[in-house]
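The block underneath contains the structure these notes are about, expressed in structure tokens.
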Amino acid sequence: MTTATKPKAGLEDTVATSSAICYLDGEHGVLAYCGHDIHDLARHSTFEEVCFLLWHRRLPTRAELGDLQSQLVAARPLPEPLVRLMRSLPPGNSMDALRTLISALGHYDADAAEQSPQANYRKAIRLTSQVASLVATMGRLNAGAGPIQPDPVLSHAANFLYMLTAERPSSLATRAFDVALILHADHELNASTFAARVAAATLTDIHSAIVAAIGTLKGPLHGGANADVMRLLLEIGAGAAPEKAEDVVRAKLARKEKIPGFGHRVYHTEDPRATHLRQMSRDLGQRAGQTVWFEMSQRIEALVKTEKKLNPNVDFYSASTYHALGIPIDLFTPIFAVSRMSGWTAHVLEQYANNRLIRPRAEYVGPEYPQRYLPLEAR
Ligand SMILES: CC(C)(COP(=O)(O)OP(=O)(O)OC[C@H]1O[C@@H](n2cnc3c(N)ncnc32)[C@H](O)[C@@H]1OP(=O)(O)O)[C@@H](O)C(=O)NCCC(=O)NCCS
């Protein structure tokens, strides 16, 4: 490989594929799904509509939306062996459990052996529906409670909160969670989506591609950051003097540690998703009568902006938003997967529809060629 093709570390700025799903302009802080600005979608849309948009590249008619909602509802109940498997897994990281459970789901899918575009679309709908049931049920079992059966009259967002808490969520909580799902649904060639597309390009099945994505999302540089943000806020402590937040973050920066929830490979301005999550964090905190996490987050945001010129990303205010919704930290990253399943499957379907094996090259930097092979006794 010549120096002209030397790769940028982390493939920064490398355009690796064409896609009609997500438009991202990191200079101006623009994010759009199939041409629809994220701010419009966050204000006016629902997660179900966004799923249809990502899968079909256009908004649904009323009839199409109703049809999709029915299919999502029909897929919600989990196969019984899945719940048994969930109960049998050792306690630990919920993303490990989710990875195993999504893999297991593939065995029970009605179209497991079928790879037609129609079958793959049905699998995309089922995966998107079932990942929510899985994560909510996982939350129940982690809390020592029993699973809750889905309620077919509830929206995807409301049903998730219901299956997690056994209580009908308020309209504010439902809308906040729905918006969080919309905001996380897709983000172009982020690491987990790229992993899913690489797997899909071998023409492996959709469940295998999604398992690759989930393993990738788990990392603290990607989806794992939202849980790390909440751990940081809790480490500072609700009862601490306000200045403690600055002291803790300054000490971390002095140790050259990264502050979770800040920085982004693509955005050089405010992440447009953070704009909504900041407001949701404030509104939900006020409603719950506990604004401490929002206020602490604001102080950290101001400090990191001054000290490092870094903006909060999608994970920063989603932490205090989920906390205000009563969601346990261990489920924060799985919830990212509940939303991103729509984007992952949209990208996998797009990859299948116009596929070529993804097989890049590496710049060789190892020992000079050729090396002489020395027999074992001569080394
Ligand atoms: C998102 C992220 C992985 C992007 O990484 P990247 O594009 O490879 O950028 P780098 O890690 O090379 O960072 C570039 C510089 O900014 C600094 N930086 C980036 N994110 C930082 C953070 N969260 N806290 C402190 N410094 C940070 C790096 O230390 C580096 O500084 P240097 O040039 O002095 O060494 C990175 O910002 C990060 O690790 N953030 C924290 C984890 C997180 O929130 N992930 C969720 C992403 S949505």
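With a ≥ b ≥ c taken as the square roots of the eigenvalues of the C-alpha gyration tensor of the range 225-324, please select rounded if a/c is under 1.5 and otherwise prolate if a/b is larger than b/c or oblate if it is not? Before the final figure, lay out the partial values.
Working: a/c = 1.83, a/b = 1.11, b/c = 1.65.
The shape class here is oblate.
For the range 225-324, what number of Lys pairs, 8 or more residues apart or on separate chains, have alpha-carbon atoms under 15 Å from each other?
Working: K244/K252; K252/K305; K252/K308; K256/K308; K256/K309; K258/K305; K258/K308; K258/K309.
Step by step, the pairs that qualify in the range 225-324 add up to 8.
Determine the dipole magnitude for the chain: charges of +1 sit on the beta-carbon of Lys and Arg, -1 on that of Asp and Glu, nothing else is charged, the reference point is the Cα centre, and the result goes in debye to the nearest 20. Before the final figure, lay out the partial values.
On the way: 40 positive and 39 negative charges, 114 e Å.
That gives the chain a dipole magnitude of about 540 debye.
Around G66, under 13 Å between beta carbons, what's the net of Lys plus Arg minus Asp minus Glu among the other residues? Please list the in-between numbers first.
Numbers: positive: R62; negative: E48, E49, E64, D67.
So the environment of G66 carries a net charge of -3.
Calculate the translational D of the range 1-137 in whole µm² s⁻¹ from Stokes-Einstein, where the hydrodynamic radius comes from the Kirkwood formula applied to all Cα pairs, the temperature is 37 °C and the viscosity 0.692 mPa s. Spell out each step's value before the answer.
Numbers: Rh = 18.0 Å.
It diffuses with D of about 182 µm²/s by this estimate.
Run the reach check for K6 against aspartates and glutamates, Cα to Cα strictly under 17 Å, same-chain hits fewer than 8 apart removed. What comes back?
Qualifying aspartates and glutamates at Cα under 17 Å: E363.
Take E243, E188 and order them by how many other Cβ atoms sit within 10 Å, fewest up front.
Details: E243 9, E188 18.
Ascending Cβ contact count within 10 Å gives the list E243, E188.
Quick query: amide H of V30 versus all other amide H atoms, modeled in the peptide plane; which residues come in under 5 Å with a sequence gap of 5 or more or a different chain?
Under 5 Å from the amide H of V30: D25.
Where does the charge balance sit around K123 when Lys and Arg score +1, Asp and Glu -1, over other residues with C-beta under 14 Å from its C-beta? Could the numbers behind the result be given before it?
Working: positive: R122, R126; negative: D109, D111, E114, D205.
Result for the neighbourhood of K123: -2.
Under unit Cβ charges (Lys, Arg +1; Asp, Glu -1), what dipole magnitude, rounded to 20 debye, does the range 204-310 have relative to its Cα centre? Each step should come with its number before you reach the end.
Values: 17 positive and 13 negative charges, 46 e Å.
With only Lys, Arg, Asp and Glu charged at Cβ, the dipole is about 220 debye.
If you consider only alpha-carbon coordinates, what radius of gyration and Dmax does the range 91-157 have, in Å?
Gyration radius and largest Cα-Cα distance of the range 91-157: 13.5, 41 Å.
Using θ = phi - 60° and the Karplus curve 6.51 cos²θ - 1.76 cosθ + 1.60, what whole-Hz ³J(HN,Hα) does each residue of the range 133-150 get, with Gly and Pro shown as x?
4, 4, 5, 5, 5, 4, x, 4, 5, 4, 8, x, 9, x, x, 10, 6, x
Provide the net charge surrounding T321, with neighbours chosen by a C-beta distance below 10 Å and charges set as Lys +1, Arg +1, Asp -1, Glu -1.
Numbers: positive: R278, R282; negative: D283.
Summing Lys/Arg as +1 and Asp/Glu as -1 gives +1.
Under the Karplus relation 6.51 cos²θ - 1.76 cosθ + 1.60, θ = phi - 60°, what is the ordered set of whole-Hz ³J(HN,Hα) values for the range 72-79, x standing for Gly and Pro?
5, 4, 4, 8, 5, x, 7, x
Return the tail of the calculated pair distribution for the range 339-379, meaning the percent of Cα-Cα pairs more than 14 Å apart. It would help to have the intermediate numbers written out before the result.
On the way: 591 of 820 pairs.
More than 14 Å apart: 72 percent of the Cα pairs in the range 339-379.
How large is log10 I(q)/I(0) at q = 0.06, 0.12, 0.13 Å⁻¹ when the Debye formula is applied to the Cα atoms of the chain, each weighted equally and without solvent?
Log-scaled intensity ratios, in q order: -0.24, -0.92, -1.07.
We did not get these values from a lab; they are worked out from the coordinates using the rules stated. For clarity, every value in this text was computed on a predicted model and none was experimentally measured. Every residue, glycine as well, gets a Cβ built from its backbone with ideal geometry; the counts of neighbours run over all protein chains shown.
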